[in-house]
Amino acid sequence: MTCLRELQGKMVHDHHDHHHPHYLQDHALTRRVWVPGPVIVGAGPSGLAAAACLKDKGVPSIVLERSNCIASLWQFKTYDRLRLHLPKCFCELPLMPFPDDFPTYPSKQQFVEYLEAYAKRFGIKPVFEQEVASAEFDESLGMWRVKSLGLKKGKEMEYVCRWLVVATGENAEAVVPEIKGIERFHGEVQHTAEYRSGSSFRGKKVLVVGCGNSGMEVSLDLCNHNAHPSLVVRNAVHVLPREMLGRSTFGLSMWLLKWLPVRLVDRFLLILSWLVFGNTASFGLDRPEVGPLELKGKTGKTPVLDVGTLAKIKSGDIKVHPSIQSVGHHSVQFVNGRVENFDAIILATGYKSNTPSWLKEKEMFSEKDGMPRKPFPHGWKGECGLYAVGFTRRGLLGSSTDAKRVSEDINKFWKAEAKHMAMTIGRSFTFQP
C-alpha cells in the first residue's frame with residue numbers, strides 16, 4: 001500500500017487537480033483510489049444531505065451506494081400509500097426547501113422527486129452498486145481504508161480517505177423477529193419492506209405484527225382494499241392525532257417545548273388525544289406510563305401519528321391481538337390462549353443499523369445495535385475523522401442537523417490542510433537566487 005509520505009507527495013504533484021480522486025494502484029483484483037475529501041457511505045437522504053453541505057463549503061466527497069439509485073429504501077422498500085408523517089417544513093434537507101406546490105404531507109413519489117432534484121442541484125453523483133465490505137482506520141497511514149465490492153462485475157475497490165461519513169442510517173436492514181413455528185406457516189409471510197399495497201390481499205385474513213406507524217398504516221391500507229386485518233400489539237404504544245388544534249402535532253409540540261417542560265407538554269398532548277380518541281386501552285392499545293415526548297427522548301421510540309387506523313379499530317374492522325405464542329400451518333395462537341386462522345402474516349417489525357457488519361471500529365458505534373454510543377446530540381462525531389449522519393432517531397430533521405455539523409467540522413480541517421498544501425506547493429516552486 002502506498003505510504004502516507006507518498007500520498008502527500010502525490011497531493012503536491014497533483015495540486016492542479018486536488019479535488020478529484022486519484023488511482024494509486026490498479027491490480028486485477030483490487031483498484032485503490034485516494035480520495036482527497038470524505039467518503040460517504042449511503043446515498044439516502046442522510047448521505048445526500050452530508051454531500052450537499054460539504055459541496056456548499058467547497059469540500060468534495062465521494063458517495064458509495066450499494067443499490068442502483070439514491071434513496072433505495074424509499075424507492076424499493078416502502079408501501080405505495082406512504083406519505084411523510086411530518087409536515088414538509090420539518091423534513092426538508094439543508095439548503096433546499098420543498099417546492100411550494102407540494103402538499104403539507106408529500107407522497108413517497110414526491111419525496112423521491114425532491115431527493116433527485118436535490119442531488120442534481122448539488123451535483124451529487126454517487127458510485128452505485130458498490131457494497132462496502134469493510135472500513136477500517138489504518139494507523140500507519142493515518143487514513144481510512146474503505147473496501148467495496150462492485151455488485152455487477154465483482155470488482156473490488158479500496159478507497160483511501162482522511163474522513164469517513166457513515167450515512168447508512170437506522171433503517172439499513174429489516175428486523176425479522178423469531179416467532180415460534182413461523183417456518184411451518186403455509187400462507188405468505190413478508191416484511192413491510194416487501195409490502196406495496198393491500199390489493200393482493202383482497203378478501204384474505206391478514207395478521208400484521210407490530211403497531212408502529214408502518215403497522216398501523218399497513219393495517220389501514222389492507223382494510224381499504226377489503227382485506228380482513230388483525231394487528232398484533234406486543235407493547236404499550238402512544239397514538240396521537242396527526243394534527244391538533246389546526247396544527248401538526250409535531251409542530252405544536254416543538255412550539256410548546258420552547259415555553260414549557262416536556263412533562264407538561266406530554267400531559268397536554270395526552271389530554272387532547274383522550275378528547276379525540278377516548279381511552280385507547282379500551283380497544284387494546286395500552287399507553288406507556290412515560291409520556292410520548294419523554295419516551296422519545298429516553299428510548300427513541302416514536303409515537304404513532306394516526307391517519308385513520310384508530311377509527312377502523314374502534315369500528316371492529318381491524319382486530320387487535322396480544323403477542324404471538326406460536327404459529328401453526330394455517331393458524332396463530334396468541335398469549336391469551338386464543339387461536340385464529342390467517343392467510344398471510346406481515347411483519348411490521350422495523351429496521352436496524354448494519355454498521356457492525358462492515359465498520360471495523362468499536363468506540364463510536366455499538367456492536368449491539370449499530371448505533372452511536374453517545375446520545376443525541378453528541379453521536380455525530382467519533383475519532384480519527386469518523387462521522388455519523390442519520391442515527392439520531394429524530395428522522396430527517398436529525399439527519400439535517402448531523403449533516404450541517406459534520407460539514408462544518410470537516411471544513412475546518414479541509415481549510416487547514418489546503419492552507420498547509422498551498423504553503424508546501426509554494427515552497428516547492430520557490431526559485432533560489
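What follows is calculated from the coordinates using simple rules that are stated; it is not laboratory data. Remember, it's a predicted structure, so these values are computed and weren't measured experimentally. Neighbour counts run over all protein chains shown; Cβ positions are idealised from the backbone, glycine included.
Of note:
- Under 9 Å, Cβ to Cβ, from Pro322 - net charge with Lys/Arg +1 and Asp/Glu -1: +2
- Relative contact order of the stretch 114-178, defined on C-alpha pairs under 8 angstrom at six or more residues apart (%): 21
- 11 Å beta-carbon shell around Ile124, net charge (K/R +1, D/E -1): +2
- Dipole moment magnitude, nearest 20 debye, the chain about Cα centre, only Lys, Arg, Asp, Glu C-beta charged: 500
- Taking only the Cα atoms of the stretch 31-106, the ratio Rg/Rh comes out at 1.04, with Rh defined as the Kirkwood radius.
- 10 °C / 1.306 mPa s Stokes-Einstein diffusion coefficient of the stretch 251-405, Kirkwood radius on C-alpha pairs, µm²/s: 83
- Computed [θ] at 222 nm, helices only, for the chain once each DSSP H run of length n ≥ 4 contributes -39500 (n - 2.57): -9000 deg cm²/dmol
- For the chain, the alpha-carbon coordinates run over 93, 53, 39 Å along the three principal axes, in decreasing order.
- When the trypsin sites (Lys or Arg not before Pro) in the stretch 148-225 are filtered for DSSP coil states and for at most 16 other beta-carbon atoms within 10 Å of their beta-carbon, the remaining sites are Lys152, Lys153, Lys155, Lys180, Arg196, Arg202.
- With at most 13 other Cβ atoms within 10 Å, longest stretch of the chain clear of loop GluC sites (Glu not before Pro) (DSSP): 1-138
- Distance from the C-alpha centroid of the stretch 165-181 to that of the stretch 32-100: 20 Å, rounded to the whole angstrom.
- Only one residue of Cys161, Val237, Thr249 has its Cα farthest out toward the positive end of the dipole of the chain, where Lys and Arg carry +1 and Asp and Glu -1 on Cβ, and that residue is Thr249.
- The spacing between the stretch 290-318 and the stretch 344-416, judged by their C-alpha centroids, is 26 Å.
- Beta bridges by DSSP in the chain, antiparallel share as percent, to the nearest 5: 45
- Projected-area mean, the stretch 76-229, by convex hull of Cα positions, square nanometres: 13.7
- A cut-off under 12 angstrom between Cβ atoms defines the neighbours of Trp144, and their net charge, with Lys, Arg +1 and Asp, Glu -1, is -2.
- Along the chain, longest interval not containing exposed chymotrypsin sites (Phe, Trp or Tyr not before Pro), exposed being DSSP loop plus at most 12 other Cβ atoms within 10 Å: 1-258
- Among beta bridges from DSSP that stay inside the stretch 224-361, the antiparallel ones total about 55%.
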